[in-house]
Structure formats: C-alpha cells, structure tokens
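For reference, the structure discussed in these notes is given below.
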Amino acid sequence: MGEAAKQKTDLGMERPGRPLALLTVLFASAFVAAFNENIVNVGLVDIMAEFGIGAATVQWLVTGYMIMTTLVVSIVAFLQRRFSLRTLFFAACAVLIVGALVDLMAPTFPLLLAFRLLQAVGTGIFVPVMMSTVLMLAPHNKVGTFLAVGSSCITLGPALGPVASGVAVTLFGWRSMFALPLVAMVVILAAGIFFVKPIAPTQRIHLDVPSVVLLAVGLTLAVYGLLVVTTQLIVALACLLVGVAALAAFALRQAHLEEPVLDLSPLRVPQFALACVLVVVSMMTTFSLSVLLPLYFEGACAQTALSAGLLMLSPILLNAATAILGGRILDKHGEKVLLPAGFATMVAGLLLCSLVAEGAEAIPMVAASCVPYLAVGLVMSPSQTAGLKQIPAEQHVSGVAIMNTFIQLAASIGPSLFIGILSSTHAAQVAAGSSDALAQAAGFAAASRVAAVIAVAGIACAVLFVMLGKRGHAQDAARTHAMPTLASVMKRDAYTISNKSSVHEAVKTMLEYDTSGLPVVDHSGVVVGFISDGDILKGLAGARQTDLAY
C-alpha cells in the first residue's frame, strides 16, 4: 500500500507520472483558447462585406462567443466532477478544431456563427480546467508562481490574437485567421495524447437542466443589456432587470440542490468573496484598456489597426512578466503588502493615462499605459491565489469556476461601460466644436478617470482582505496558546464501518482513509466492536469473506 499511497494526493487524486509536462500542455491549451477569443475583431469589416450584413449582426460573433464562454465556465465545476480531465481535454480540443475547420469554409453567416459558438465551448473548458489542475498538482509553496504562469498565458493570448490575425487577414483574407488556432490545437492535441491523464475520480451526477436554462437566459440578457445601454436605454434596462432576476433565481436554486451546477458556498467565506471583487476590478481594468487603447491609438493618434496592435505589445508583455513576479512575491512574502500596493499603483496609472490622453500622442500613452498594466500583472493572479487559499481544497474546483465566471462578466461589463463613457464624451465634445481626434482623446480620458474610481474600490477591498487575514492569524495564535482541552486533542474525524459491511468494504475503507483499524457500528450508530488490519489478516488465513457480525 505504501507505494500506491505515494501516488495519491490528500483528495484521493492520482498523480500523473509527468505533472510538469501535463501542466505545460494545459498552459498551452489555455493560451490558444484565450488567443482564439478575440481573433475575429480585426476581420469583422471583411465579414460584413462578404455576407452583406450590418454591424448589429456581425457583433454577435464577439458577443455570442463571450456569452457562451461565460455559460460553460459557470458549469465547468460540474463537468469536472462528472468527467475526467482527459475526457474534458479531448472534448475541448475537438470542438475548437471542428469549429475552426468549418469557419474556414463556412458559406453562410449563420453557419459561421454557430461554429464560432462551438469554439467558445472549448475556451470555456480550457481556462478553468488549467487553473484547477494547477491547484491540484503545483507544490504548495509555489502555487502562486504556477497560477501566475497560467495567468500570463491567458493575458498574452488575447493580446497577440489581434496582431497575428491582423497580419493573416491583411495577407491572406479573413478566413485565414481561423487557421492559426487550428494548427496550434492539432499540435496540442497530439501532445495531450501522451501527457494528459485522468487525475481525479469522477462522480455519476446529473446536470440540472432548469439551472442551465436560468443561467443562459440571465447571462445573455445581462450582457446584451450592457452592450446596448448607451443606445437603447429602455431595452437595456428591461434586459438587465430580467437577466439579474434569472441569475438570482439560478443562485437560489443552487442552494436547494443536492448536486448544484455551481456550488456557491465559497462565497460565504468573506476573504474569498473579497478576492472575487479584486479579480473583477483587475479584469475590468485590463480588458477595458485592451479595448480602449486601440480606439485611442486609431482615433486620436491616427494609427492603423495593425500599428495599434503593435503599440499594445509593450504594456501587454510587461503585464505578463509582472504576473510571474507577482506570483513569486506572493509565494515568498504573502499578500499583505502586495495587494494594497498593487491596486494603489493601478489607480495612479489610470490617472496618469487620463492626463497624458489630452496630448493625443501615441508614445507617451504607451509609456503611461505600462503603469496600470504592470499593476494588474502584480495583483491579478495573486488575488485569485489568495482567495482560493481561504477555502478548503475540496471546494477549489467550485472556487475556480466562480472566479472565472466573474472574470467573464468583468470582460463583458468593463468594455461596455467604458466604451459607453468614451462614446458619450466623444459626442459631447464634437457637438461643442472639438475635432474628432481631440474628442476621442477626451473620451478616453473620461473613461480612464472612471476606471480609476473603480480601482479605488479595489484598494479598499485589498486593505479589508489583509485586515481579515490578520484577524484570522491572531485568532489562530490565541487558540494555539490556549490550554488544550480533551476535545481539542482528540481526533474528531473518526471513520466507522457498519456491522453489515463485508471484509472487502472494510479493507477498502482502511486504504481510502489510511488507517489500520475501524470502529464497527450498528444501524443506529452505536459502536458494537472494532476491527483492525490484523483481525482481517487472521480471518483471511482460514475463513471466507463474511459479514462483520458482532
């Protein structure tokens, strides 16, 4: 039993023979999934021209992908309990590959949209599965660093996507952009055959369909309402009202299900809930800048789309580098200084961007934008890691699913909110007689100031997170120095076995809980005897397997 026990974690999970190789494959898959998320942005104009559709229709390639990804992320905790890592990995690879193949040749827009949404299923699986697996396999003292590497992959993917697809569209046409993730996923699939293995037991649980319907309706209406809030206010408010009601009904239903689609109980832990807020603020900042900066470079600085993408590379690469640095700082020194200082730097950087914006010059803005990107890199992954450390290991899958759901919502809310501010300010400036370029600059400055105000809330939550942590440490210290009682020194998680159980069940239970003996109880829970591994060995020497009757 000794060698077998070494291959299992505390949760009964099988350790793969090459955990680093497995994590590398999952890092690569998360990168490609994130890369694929916004490659179509630079090809929307060409798609509109080929299929003869308008902007309101073509934008569903982006909005629909976002909604579908959020939906899958929300139920991925259920999927991880129901299916093995290997099954989910190959399913996600398959939908991304098939979706890209069809989109390369799609003769109609509805077919293009349908298989683009199919690809979103793969993205929704890969990112949270990668994070959950890191939490399972990474050394305890390096979890922050490993999650930071994963965070860098997710950050670099969307940053490099528009640049690479912009080159492909320019040289070979819009369909060629689907070839990039297609080739990458085929390579990752081949690597996965050798390195991706099942690592956790699965459960025969059933998906609650009404919960999925409520979630889909809620997410679709909420995201759509945010997208049209600046153009169709009444429609937006109606969609938001019904969407929020559906999401509230979803949350209430989960509390009454034996097998919830998404276990929301981690949100009852104050520090985990605060960490979710920190993640939302971080993602709103980085996603919003990723949308606003190209608009600024093109509208205020007269840069081409490709030039705008290239200008974005410096802050994005800095973000990826500081993400790894933030993870290492968290592992060595904790979050008590890192999180408040990081969010304070974020506020300062956003205010700097708002001041530089009025000059309508590209290079100063690139330099200024490096500051908030650096700050997001320092706090994004550590916020996730610090929050997940507050909940039991058996809730990590649910915690990851919750955080990634918030990330997708932040990716929807942030750009919608800040683009609305930019657009309304731009319109007001043009009406007042400003040039289009200066109006774009003023709109960007206004959006940056609002983002800074939101980031101030991040500082407050970070400080509260640290204060709650100090209070918890003080209470732990007080308990440690208190006079021990009989109850405090007794082991409470005693495992028992029924007097109707077989010897096989007794052996299985001893192996599962790594114990050499078990109290035997009757149907009412009263202890009626005790069985040890020695008793079993003696019995097997001359008796057949019978019921354990006492």
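The values are calculated or read from the model by the stated rules, or taken from the named source; none is laboratory data. Treat the numbers as computed from the prediction; the structure is a model and nothing was measured. Neighbour counts run over all protein chains shown; Cβ positions are idealised from the backbone, glycine included. Areas reflect the complete protein model, heavy atoms only, side chains present, ligands, DNA and RNA absent. Shrake-Rupley method; radii C 1.70, N 1.55, O 1.52, S 1.80 Å.
Please list, ordered by first then second residue, the pairs with beta carbon atoms under 7 Å, 6 or more apart or interchain, first in the stretch 200-225 and surrounded by 21 or more Cβ atoms within 10 Å (Cβ to Cβ), second among the aromatic types (F, W, Y).
Short answer, once both residue conditions are applied: S211/F250; L214/F250; L215/F250; G218/F250.
Would it be correct to say that I402 is open to solvent by less than 30 Å² (accessible area, probe 1.4 Å) and outside any helix (DSSP H, G or I)?
no
For the stretch 104-195, please list each of the helices (runs of 4 or more DSSP H) lying entirely inside it that holds at least 3 residues being at pLDDT below 80 and crowded, with 18+ Cβ neighbours inside 10 Å.
By residue number, 143-172.
Over 23 Å from T304 (Cβ atoms) and of a type in the set (A, V, I, L, M), is that true of M185?
Yes.
Checking the conditions here, which among L339, L355, L351 is more than 21 Å from S165 (Cα to Cα), surrounded by fewer than 17 Cβ atoms within 10 Å (Cβ to Cβ) and either of a type in the set (V, I, T) or modelled with pLDDT of 85 or more (or both)?
Step by step, each of L339, L355, L351 is checked, and only L355 is more than 21 Å from S165 (Cα to Cα), surrounded by fewer than 17 Cβ atoms within 10 Å (Cβ to Cβ) and either of a type in the set (V, I, T) or modelled with pLDDT of 85 or more (or both).
Could you say which residue among F287, F272, F297 is open to solvent by 20 Å² or more (accessible area, probe 1.4 Å) and among the aromatic types (F, W, Y)?
F287
Do we find a residue being of a type in the set (S, T, Y), modelled with pLDDT of 85 or more, out of contact with any Asp or Glu (no Cβ under 9 Å at 6 or more places or on another chain) and part of a helix (DSSP H, G or I) anywhere in the stretch 224-234?
Within the stretch 224-234, not a single residue is of a type in the set (S, T, Y), modelled with pLDDT of 85 or more, out of contact with any Asp or Glu (no Cβ under 9 Å at 6 or more places or on another chain) and part of a helix (DSSP H, G or I).
Mind listing whichever residues of the stretch 423-443 are open to solvent by less than 10 Å² (accessible area, probe 1.4 Å) and closer than 23 Å to V223 by Cβ?
G443
Suppose we keep only residues that are of a type in the set (A, V, I, L, M) and touching a Pro at 6+ places or on another chain (Cβ under 8 Å) within the stretch 353-373. Which one would you say is farthest from L147 (Cα to Cα)?
V356
What do you reckon, is A255 touching a residue at least 12 places away in the same chain (Cβ under 8 Å) and either at positive phi or of a type in the set (A, V, I, L, M) (or both)?
When the stated conditions are applied, A255 does not pass them.
State all residues of the stretch 47-94 that are part of a helix (DSSP H, G or I) and either within 17 Å of M177 (Cα to Cα) or more than 24 Å from the chain's Cα centre (by Cα) (or both); if no residue qualifies, say none.
I47, M48, A49, E50, F51, A55, A56, T57, V58, L61, V62, Y65
Name every residue in the stretch 139-187 that is among the aromatic types (F, W, Y) and under 23 Å from N319 (Cβ atoms), in order of residue number.
F146, the sole residue that qualifies.
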